[in-house]
């Protein structure tokens with residue numbers, strides 16, 4: 001697996017990051033261990049963690065992580081009781097509390113990469129920046145990535161020279177290209193990198209939903225609303241184009257989706273396989289798109305979506 005720098009920073013990530021959102025939900029502990037071992041053996045270096053109260057955190061605590069695997073741990077948002085929404089926690093006290101709680105839950109003395117998962121316009125930028133500096137100075141945090149930040153919000157954070165901001169995580173795929181409008185130009189200008197979240201279009205770009213919602217898929221679970229946003233006519237047209245390109249090249253739709261992300265110069269794409277078979281398919285995907293194929297894919301998808 002290739003290793004890429006996040007822009008001009010010293011942070012390096014493998015071109016696939018392993019997402020753990022479904023660990024403890026639809027991925028049991030033995031399967032999670034198998035996925036992590038196989039991912040690390042293939043050269044993977046980035047393990048994305050959701051908020052510290054997610055089931056995945058307790059699973060990761062019981063695992064011996066290979067030394068090369070870095071944790072990309074999200075903070076700044078916590079699910080409300082009952083799971084009906086999210087609470088922003090980017091103030092000084094909340095961030096300190098949540099980071100220390102996460103370190104305790106993981107039984108670690110530092111986070112390789114802290115992912116600030118929200119921008120709260122009710123909290124002064126300097127307040128949240130000061131706690132990040134405190135964590136960095138104390139050795140609790142190595143690098144900072146920003147998620148759910150607009151271009152101007154990211155620029156405000158990155159303007160603080162004392163913060164080791166390495167880039168952003170944002171949803172980016174053939175079905176969601178909004179990052180190209182302002183966020184990506186800002187990252188390029190600042191010398192920062194991009195990690196694509198939901199790089200397979202929430203699973204829709206695999207083509208599995210072209211004939212309906214398969215049993216056992218995310219679209220048939222409590223994530224039906226999340227997936228359903230991409231089951232409209234516009235998205236279907238893009239997925240059909242991906243499937244047509246895959247058939248012409250004798251590959252799978254997932255190969256096309258990942259190759260497009262690599263060509264767009266994402267440092268890494270987050271994938272969340274639920275089985276070893278799915279992971280092996282992703283790890284074995286090394287397609288390089290010809291210029292003409294890439295141009296057609298760019299034409300059938302919407303850079304403003």
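Any read-out appearing in this document is the output of simple, stated calculations on the displayed coordinates, not a laboratory observation. These numbers come from a predicted model, not from an experiment. Neighbour counts are summed over all protein chains in view; Cβ atoms, including those assigned to glycine, are modelled from backbone coordinates with ideal geometry.
Per-residue ellipticity at 222 nm for the chain, helices alone: DSSP H runs ≥ 4 residues times -39500 (n - 2.57), over residue total, nearest 500 deg cm²/dmol?
Value at 222 nm, helices only: -11000 deg cm²/dmol.
Give the order of 126, 171, 29 when sorted by the count of other beta carbons within 10 angstrom, beginning with the fewest.
If I rank by nearby Cβ atoms, fewest first, I get 126, 29, 171.
To check you understand DSSP bridge types, tell me what percent of the beta bridges within the chain (both residues inside) are antiparallel, rounded to 5.
20 percent
Quick one: compute the contact order of the chain, relative version, from alpha carbon pairs under 8 angstrom and 6+ residues apart, as a percent.
So the answer I get is 20 percent.
Tell me the angle of helix 29-41 to the major Cα principal axis of the chain, expressed in degrees between 0 and 90 and rounded to the nearest ten.
So the helix axis and the longest Cα principal axis differ by about 80 degrees.
Please state the relative contact order of segment 114-249 as a whole percent: Cα pairs under 8 Å, 6+ residues apart?
Once divided by the residue count of segment 114-249, the mean separation gives 18 percent.
Compute for segment 100-233: radius of gyration divided by Kirkwood radius, i.e. Rg/Rh, restricted to C-alpha atoms, rounded to two decimals.
Radius of gyration over Kirkwood radius for segment 100-233 works out to 1.05.
Please give the length that would be gained between residue 2 and residue 240 if that part of the chain were fully extended, namely 0.36 nm times their separation in residues minus their C-alpha to C-alpha distance (nm, one decimal).
Fully extending the segment from residue 2 to residue 240 adds 82.8 nm.
In degrees between 0 and 90, to the nearest 10, how far off the longest principal axis of the chain does helix 125-137 point, with axes built from Cα atoms?
80 degrees
Using 5 Å bins from zero, what percent of all Cα-Cα pairs in segment 86-127 falls into each bin?
With 5 Å bins starting at 0, P(r) equals 5, 21, 28, 23, 14, 7, 1.
At 0.36 nm per residue, minus the direct Cα-Cα distance, what do residue 100 and residue 53 gain on full extension? Give it in nm, one decimal, please.
15.7 nm
Antiparallel DSSP bridges in segment 144-300: what percent, to the nearest 5?
In segment 144-300, DSSP labels about 10 percent of beta bridges as antiparallel.
Which peptide among 102-110, 172-180 comes first, and what is the full order, when sorted by highest mean count of other Cβ atoms within 10 Å?
172-180, 102-110
Which percentage, to the nearest 5, of the DSSP beta bridges contained in segment 12-142 is antiparallel?
Among the beta bridges of segment 12-142, antiparallel pairing accounts for roughly 20 percent.
Between residue 161 and residue 277, take the C-beta separation as r, use R0 = 51 Å, and let me know the FRET efficiency to the nearest 0.05.
0.65
With 10 angstrom as the radius, rank 292, 48, 22 by how many other C-beta atoms surround their C-beta, starting from the fewest.
292, 22, 48
For the chain, state the semi-axes of the equivalent ellipsoid (square roots of 5 times the eigenvalues of the alpha-carbon gyration tensor), sorted largest first and rounded to whole angstrom.
Equivalent ellipsoid of the chain: 30, 22, 19 Å, largest first.
Please give the helix 291-300 orientation as an angle from the longest Cα principal axis of the chain, in degrees from 0 to 90, rounded to the nearest 10.
Helix 291-300 sits at roughly 80 degrees to that axis.
Give the order of 21, 119 when sorted by the count of other beta carbons within 10 angstrom, beginning with the fewest.
Arranged by neighbour count, lowest to highest, 21, 119 become 21, 119.
Calculate, in whole percent, how much of the Cα-Cα pair population of segment 23-117 lies beyond 22 Å.
29 percent
Note down the Stokes-Einstein diffusion coefficient of segment 91-160 in µm²/s, whole number, using a Kirkwood radius over alpha carbon pairs, 4 °C, and 1.567 mPa s.
104 µm²/s
Which value in nm describes the separation of the simple spin-label points at residue 291 and residue 180, placed 7 Å from the Cα toward the beta carbon?
Using points 7 Å along Cα→Cβ, the separation is 1.7 nm.
For a quick check, take a GNM of the chain with Cα springs below 10 Å and name the residue from 150, 275, 67 with the largest mean-square fluctuation.
Maximum among the listed residues: 67.
Roughly how many nanometres apart are two label points built 7 Å out from the Cα toward the Cβ at residue 107 and residue 93?
3.1 nm
If we sort 210-217, 187-194, 154-161 on the protection proxy, mean other Cβ atoms within 10 Å, highest first, what's the order?
Listed from highest to lowest mean packing, they are 187-194, 154-161, 210-217.
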